[in-house]
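Contents: one structure, followed by commentary.
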Amino acid sequence: SQRLIEEEKYEPSQIAVMYRINAQSRALEVACNRHSTPYQIVGGLKFYERREIRDVISYLRIITNPPDDVALERIVNVPARGISQKTVDSIRTLARSKGHSLWEVIAEVDDNPEHLSKYVNPRAIKSLERFSNLIKQLVDSSYHSSPLELIDLILERSGYKQLIHDDVERGHERWENILEFRGSADAY
């Protein structure tokens, strides 16, 4: 498209690019951004706005910065692990009262589960312990893993890979998007 704009003197609004697989949009979006070419995705979402990509990025954000409350709220129960919205709301209330992030409250559950017992039920405390351990393991792994290895660990250990494969309607398409994201991480 850059050649059409520069050499053939087409306006960007006169150019359309069609592709067969939604996962291919990432390469086009990267090229358009690199050349400051405005673009619009018709009939779908921009690559980095897709749910599965935002979820994986949220896991990566939590691993590099656990106090990121926005990312944590996005993935705390994705895939479902028995942490309800009511539990998250209770943790948020406790965190704000202490001036802490959600992660600081959740991370304490291993050492001091009693501090949450008046805010959440015992089953939710067990789920929070498992989530806390998962994030701590991923943080530890991040110190000696490449971005690609870390994404693979996230997908396996979190259960996200299984969640995608269990999605009969859109699982294949969503997995293709994740593979495209992995490819960009590998190139990075």
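The values are calculated or read from the model by the stated rules, or taken from the named source; none is laboratory data. This is a predicted model, so every value here is computed, not measured. Cβ sites come from the backbone with ideal geometry, for glycine too, and all protein chains shown count toward neighbours. Please note that ligands, DNA and RNA were not included when accessible areas were found on the heavy atoms of the full protein model with its side chains. Shrake-Rupley method; radii C 1.70, N 1.55, O 1.52, S 1.80 Å.
Surface exposure of the stretch 68-188, expressed per residue as accessible area with a 1.4 Å probe, stands at 54 Å².
Cα axis of helix 122-142 to longest principal axis of the chain: angle in degrees, 0 to 90, nearest 10? For 122-142 against the chain, the angle is about 50 degrees. Surface composition of the stretch 107-177: carbon and sulfur atoms hold 49% of the protein heavy-atom accessible area at a 1.4 Å probe. Scalar couplings 3J(HN,Hα) for the stretch 9-16, obtained by applying the Karplus form with A = 6.51, B = -1.76, C = 1.60 to θ = phi - 60°, are 6, 7, 7, x, 5, 8, 10, 10 Hz; x denotes Gly and Pro. Can you tell me the orientation of helix 171-187 relative to the chain, as the angle in degrees between its alpha-carbon axis and the longest Cα principal axis, to the nearest 10? That helix lies at roughly 80 degrees to the long axis.
Summing Lys and Arg as +1 and Asp and Glu as -1 over all other residues whose Cβ lies under 13 Å from the Cβ of Leu150 gives a net charge of -2. If you take the Cα centroid of the stretch 44-107 and the Cα centroid of the stretch 174-188, the two points sit 22 Å apart. From largest to smallest, the equivalent ellipsoid semi-axes obtained for the chain from the alpha-carbon gyration tensor read 39, 17, 16 Å. Counting only heavy atoms of the protein chains and using a 1.4 Å probe, His144 has close to 140 Å² of accessible surface.
For the chain, lysine pairs separated by 8 or more sequence positions, or belonging to different chains, with Cα-Cα distances below 29 Å total 15.
What shape does the stretch 30-135 have by the C-alpha gyration tensor, where a ≥ b ≥ c are the square roots of the eigenvalues, rounded means a/c under 1.5, and otherwise prolate means a/b greater than b/c and oblate the rest? The shape class here is prolate.
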